[in-house]
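The values are calculated or read from the model by the stated rules, or taken from the named source; none is laboratory data. All figures in this text were calculated on a predicted structure; none of them were measured in a lab. As a convention, Cβ positions derive from the backbone with ideal geometry for all residues, glycine included, and neighbour counts pool all protein chains shown. Heads up: the accessible areas ignore ligands, DNA and RNA and are worked out on the full protein's heavy atoms, side chains in. Shrake-Rupley method; radii C 1.70, N 1.55, O 1.52, S 1.80 Å.
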Amino acid sequence: MINTIIFGFFVISFVTIFKPVPKIEKSLVLIFGLLMILYAGLREDSMDYKVYKVLYKNYNDITIEYAFKLISFLVQNFFGGNIKYLFLIFAFLAVSLKFKAIKILSSSVVASICIYYSNYYLLHEMTQIRAGVASAFLLLAIKPIYERDFKKFLIYAALGFSFHYSAL
């Protein structure tokens, strides 16, 4: 796993240093995003994997955020109960929302993705899946705060809170 992570960092760094033409950059960003979603969603060896497995099986009997309960319910009742779908849904939400926030907030998308990958992807999407989605919603809430759009800010904050209480 560590070799894959290091390789990914070097590829993204290489693309950041040798900035490609915009059309190729868009394609590379899409490929990076898809690979990051699949890698985070299909792994089984993270530190919290076993904990999430227990939470997933007992989501009705425990106190946990509403979004986790809802997604667990959907996976168990409509996706055959395979926990891989739970991780894929969380990975898709976290990575795609963070990429959207990066596109909105950054003038250098690929460099920002490199920083995200090397610092937060490994922590959030590979370990703390609920916090990963919550932090993505909070990133999206930055622009509405700046623009004084408190309604949109509160919606993003509430969505973040529904994934992890620490978003409050």
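Points to keep in mind about this one:
- Remark: relative contact order (region 1-139) = 33 percent; criterion is Cα-Cα distance under 8 angstrom and separation of 6 or more residues.
- C-alpha long axis of helix 2-17 to longest principal axis of the chain, angle in °: 40
- Solvent exposure of the chain as accessible area per residue, Å², 1.4 Å probe: 59
- Angle between the chain longest axis and helix 66-78 axis [Cα atoms, degrees, rounded to 10]: 80
- Build a GNM of the chain with springs between Cα atoms under 10 Å apart, and of 137, 87, 79 the one that fluctuates most is 79.
- Ranked by the mean number of other Cβ atoms within 10 Å per residue, highest first, peptides 144-150, 53-59, 88-94 order as 88-94, 53-59, 144-150.
- Centroid-to-centroid separation of region 111-168 and region 39-54 [C-alpha atoms, Å]: 20
- Normalised Debye scattering of region 22-117 at q = 0.16 Å⁻¹ gives log10 I(q)/I(0) of -0.74, counting only Cα atoms as equal scatterers and leaving out solvent.
- Counted charge near residue 112, where neighbours are those whose Cβ lies closer than 14 Å (Asp, Glu -1; Lys, Arg +1): +3
- Among 59, 145, 94 the positive-end extreme of the charge dipole of the chain (Cβ point charges): 145
- Ranking by accessible area, most exposed first, for 127, 16, 63 with a 1.4 Å probe: 63, 16, 127
- Note that region 87-96 has calculated 3J(HN,Hα) couplings of 5, 5, 5, 5, 5, 4, 4, 5, 5, 5 Hz, one per residue in order, obtained from phi through the Karplus relation 6.51 cos²θ - 1.76 cosθ + 1.60 (θ = phi - 60°); glycine and proline are x.
- Surface composition of the chain: carbon plus sulfur atoms hold 69% of the accessible area, using a 1.4 angstrom probe and ignoring ligands, DNA and RNA.
- Nearby lysines by direct alpha-carbon distance to residue 50 (threshold 28 angstrom, same-chain neighbours under 8 apart not counted): 69, 84, 98
- Calculated mean residue ellipticity, 222 nm, the chain: -23000 deg cm²/dmol, from DSSP H runs (n ≥ 4) at -39500 (n - 2.57) each, averaged per residue and rounded to 500.
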